[in-house]
Every structure is written in C-alpha cells, then in structure tokens.
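Before any comments, here is the structure.
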Amino acid sequence: MRSIAALLFAGGLAFLLLIIASELGFGEPAMLIGGDILAKAPDEVGASNIVTAVLLGYRGIDTLGELSILFAAATAAGLVLVRGNKDCHAGANDPVGGFILRTGADLLFPLLLVVGFYIILHGHLTPGGGFQGGVILAAAFFVLVLARPGADGSGGMNHTAIAFIEGLAGVGFIGLGLWALVDNGNFLQPMLSQGVFGKLLSAGTLPLLSIAVGLKVGAELAGLMTQLAEQPAAPRHDPAHPGDRPS
Amino acid sequence: MEIDLQTLFALVIVVLVLVSAVLVLVLENMIGAVAVSGTVSLGVAVLFVLLHAPDVAMTEAVVGAGLSGVVLALGLRRLGLWQLDGVTSDRPTEREKTDA
C-alpha cells in the first residue's frame, strides 16, 4: 500500500514537472544580456574580474542559492555520518602518518592558508573568489587533520567553532544583502564606494561578500571532511580472500 | 596541414584525459583509480585555461582534483578498500590481532 502511494506520488510529481516544463518557453526571449554586462560591468560594479562581478553583483541571489544547496548537502552528509559508532577507535585500522607527512603538512599549512586567503581577498581583481579560496582553506585544515589525526581522528578540530564560523559567514552574506535592501530597495545590490579600479580596496561590498562566501565554504567543507575522517576505518579488505568481506 | 602549437598541446591533454578516464574504469587498485580520476580533472582544468576561462579552471582543479579525490579516498577508507600494492599497515589489523 505504501509503495503504491509512493508510486502515485512520484508519478504525479513527474506529471506536474512535465506540464510545467512544457509550458516554459526555454530560450524565449533570447538572453542577450551578456554583451551588455561585459560593456557595463567595469563602470557599474568596479570589479576588474567580470566573472566575480556577475557572480556577486548581477547574480548575487544565485550565489546565495548555491550556498544553500551546499549547506543542505553538507548537513545531510553530516546527519548520515554522525550515526557511526563512537566507541570504535577511529584510527585503529589506519597506517601511521609518518615523519614525511607530518613535516610536509607543517610546511604546507601556512602556504595553503596564504593562497586561500589571497584568492578570496583578490576575488574581484584576479580569477578565483570565495568558492575556490574556501575550498583551499578547507584543504589546508584537512592536511593538518590528515597528518595528526589524534585519538579520535578529529585532529583537534572543534566542530562547534567550525559551525559557528559557518553560521557567522552565512549571516554576514544575507546581512549584506538585507542592508542593501534597506538602503536602496534591491537585495544584494553592490554598495559602498567603488574605489580605484584594480586596487585591492575597490568594488564596494563585493570583497566582503567574497570573504563571507569563502569562510562559509571553507568551514563547511572542513567540517565535512573532518567528519568523514572521524569515521572508524573498516578493517582492510584482503585481496587474497575476496570472499570474506569486511563487516 | 598546419597545426599550431596550442592545438597540439590541447590534443595531448585530450588524449591524457581520455586515457585517464578509461583507466578509472580499468584499474584494479581503488586508490589508483581515485588518483587517476584526479588527473582527469587536472587535464580538463588545463583545457579550461587554454580556453581562457581561468575561474572555471581553478574551480575544476580545486574541486575535481582536490576535494572529490579526498572524499572518495575517505570513502574507500571507511569501506576497508584502502589497499596499496605490497604495502601493509604498520599496525596489525583486527584479523591479525585475533589470529595471534
């Protein structure tokens, strides 16, 4: 009975989506805005990187949607992973990291941190931006976890602090949007003075939005990867006995 | 027929990407397959640079070669398929402990 209800529901949903899709005029009217954006963006937004001007200026709300999708995905993964048995020793079946990995991690961590923040802060000037820089920041912290997993495999990462940074960055992004809404009636409208074209402090609120995106993505992915690393590793699968699978 | 240097370079990258993509399916070693799937992304990232899309290239390199590789490798570890050829753990596994 339940499966029939689910089938009916899925069929109805598919029917509904098909009807909506058939009514939508894809490609009508043709989007010819690209050329206009290319021509006007440097004057209107003041960012020398047009891609960032589009992502955070003209299509800021799409970026907000992207952030919420990432948030939903990370939350769902976290929910599934947290159920793992906590009493099992996380590093029990892992090989030890070793000297080279630890020293390499110590050397790589500050370098990756600088590269990540550079890419985030220069998002409006050079290629890159919040998302790319954020992933690099997450990688920097994960390298530390990988080299020194510690007793529970978390490598000393504090999930409360990660969640706090993530929430703060999300609130910051939406707060900047609401500020613009109050100020001139358009959500996420770039504000503040545009400054000198091509300088670090230019393009108004775009660098601030970029920092918010970077911190949010970085905290989210670092938390996700740490959570994965905290999972107890299954006993190794022995290729000589393909029959006995790890339980 | 005249082929300029950039086209030749792109051709080499395309062949590399295709070979890597086939290797992902063929390789017996799971860790190797994960690593090769990272090379696919790296090659595609280089192609994006050739097409003057550095923003996309950066995302592809960071997410495709870095993040997804790490997530896949952690998944292998969770499933107990983390096996390097001829390399065994310094610590005894659970089964070796019970055998001894």
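All of the numbers you see were taken from the coordinates with simple rules; none came from a lab. This structure is a prediction, so every number in the text was calculated from the model and none was measured. Note that each Cβ is placed from the backbone with ideal geometry, even for glycine, and that neighbours are counted across all protein chains shown.
Seen from every direction in turn and averaged, the convex hull around the alpha carbons of segment A:43-230 projects onto 11.4 nm². Of the peptides A:41-51, A:120-130, the order by per-residue mean of other Cβ atoms within 10 Å, starting with the highest, comes out as A:120-130, A:41-51.
Add +1 for every Lys or Arg and -1 for every Asp or Glu among the other residues with Cβ under 14 Å from the Cβ of A:V143, and state the total.
+1
Counts of other chain beta carbons within 10 angstrom of each beta carbon in peptide A:220-228 average 2.
Using the Cβ-Cβ distance between A:F197 and B:L50 with R0 set to 25 Å, the FRET efficiency from 1/(1 + (r/R0)^6) comes to roughly 0.35.
The mean count of C-beta atoms from other chains within 10 Å of the C-beta of residues in A:103-112, rounded to a whole number, is 0. Remark on A:L125: its backbone amide H falls under 5 Å from those of A:N49, a criterion applied only to residues 5 or more positions apart or on other chains, H modelled at 1.01 Å from N.
Taking other C-beta atoms within 10 angstrom as a stand-in for reagent exposure, A:L178, A:L8 fall in the order A:L8, A:L178, fewest first. Gap in Å between the Cα centre of segment A:1-30 and the Cα centre of segment A:117-148? Spelled out, the Cα-based centre of one part sits 39 Å from the other. Taken residue by residue and averaged, Cβ atoms of other chains lying within 10 Å of the Cβ of B:54-60 number 6.
What chymotrypsin sites (Phe, Trp or Tyr not before Pro) does segment A:1-88 have in DSSP loop regions with at most 16 other beta carbons within 10 Å? Filter output for segment A:1-88: A:F26.
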